[in-house]
Amino acid sequence: MKKVLTLVAAYGASASLFAQETGDKVAAVAEVPEVSLIYVLRERFIEGGAEFMGVVLACLIFGLALVIERIVYLNLATTNTKKLVSAVDEALASGGVDAAKEVCRNTRGPVASIFYQGLDRADEGIDMVEKSVISYGGVQMGLLEKGMSWIQLFIALAPMLGFMGTVIGMIQAFDTIETNGGVQADQIAGDIKVALLTTVFGLIVAIILQVFYNYLIAKIDGIVNDMEDASISLIDVMIKNNATKA
């Protein structure tokens, strides 16, 4: 009976010790902080060095600044064309060309500006109105696309700078091998890793800017389509209300 009690007591002590050790391990694991993606990117960016990483970062900053400016501009340039055409139609019917021009003057966006230019040539005939609308439409398209070529430049420049940093880093690594003769892999692994990091961040910058660039292109295409449809509607409305000379 004493042997049984001794075995039970020993088993209980062992189980208690095992549970305590397991709890300590779980607590130690729980205390390990989670590493976020931003933290990893920041550490890798610092490892990449300031020479090329700074230029790549500048491409991202200037590219995003242009993107934000274009997004704000295009959102302000977006107009409810159906509502504008209806308002111009009512103004022409009730107050003539001057009332319609006042509606366009008080409406924001390129479509209203095109309407105003067309209405301003109403007394010169429908052909002149069409030419004015087409010509000023081209001007507005140029304003919508302003700055897009610079965004394209930064999209192309960021990975190119990254590749250049990688090539220069590889050259430095091979210079080390040539100078020191046979070297261990760990002696040049750091240089090669730093060289490859510039390419990674260059590609990341290009991908981010490319996504925004495609969004802006789609936004511009939508506005241009609205401009073309609205211009046709303007001609029809002016003819219906006899607002132009034959």
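Below is a table of values for the structure above.
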read-out: Three-way shape call for the stretch 68-226 based on the alpha-carbon gyration tensor, with the a/c threshold at 1.5; value: prolate
read-out: For 219, 193, order by how many other beta-carbon atoms lie within 10 Å, fewest first; value: 193, 219
read-out: Under Karplus coefficients 6.51, -1.76 and 1.60, residue-wise ³J(HN,Hα) of the stretch 105-110 in Hz, glycine/proline x; value: 5, 8, 10, 8, x, x
read-out: Approximate spin-label separation residue 152-residue 192, in nm, with each point projected 7 Å along Cα-to-Cβ; value: 3.8
read-out: Cross-link pairs 219/240; 82/146; 146/240; 83/146; 101/146; 83/219 - those with Cα-Cα distance over 24 Å; value: 219/240; 82/146; 146/240; 83/146; 101/146
read-out: Placed amide H near residue 147: partners under 5 Å, 5+ positions off or other chain; value: none
read-out: Zone of residue 236's modelled label, taken as backbone nitrogen in the stretch 205-226 under 15 Å from a point 7 Å along Cα→Cβ; value: 226
read-out: Estimated vicinal HN-Hα couplings, Hz - the stretch 134-146 in sequence order (Karplus 6.51, -1.76, 1.60; Gly, Pro = x); value: 5, 5, 6, x, x, 4, 5, 5, x, 5, 5, 8, 4
read-out: Kirkwood Rh, Cα atoms: Rg over Rh of the stretch 70-128; value: 1.02
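Values quoted throughout were computed directly from the atomic coordinates according to the rules given, and no laboratory measurement underlies them. Just so it is clear, the structure is predicted and the values come from calculations on it, not from any experiment. Using ideal geometry, Cβ is built from the backbone for each residue, glycine included, and neighbour counts are taken over all protein chains shown.
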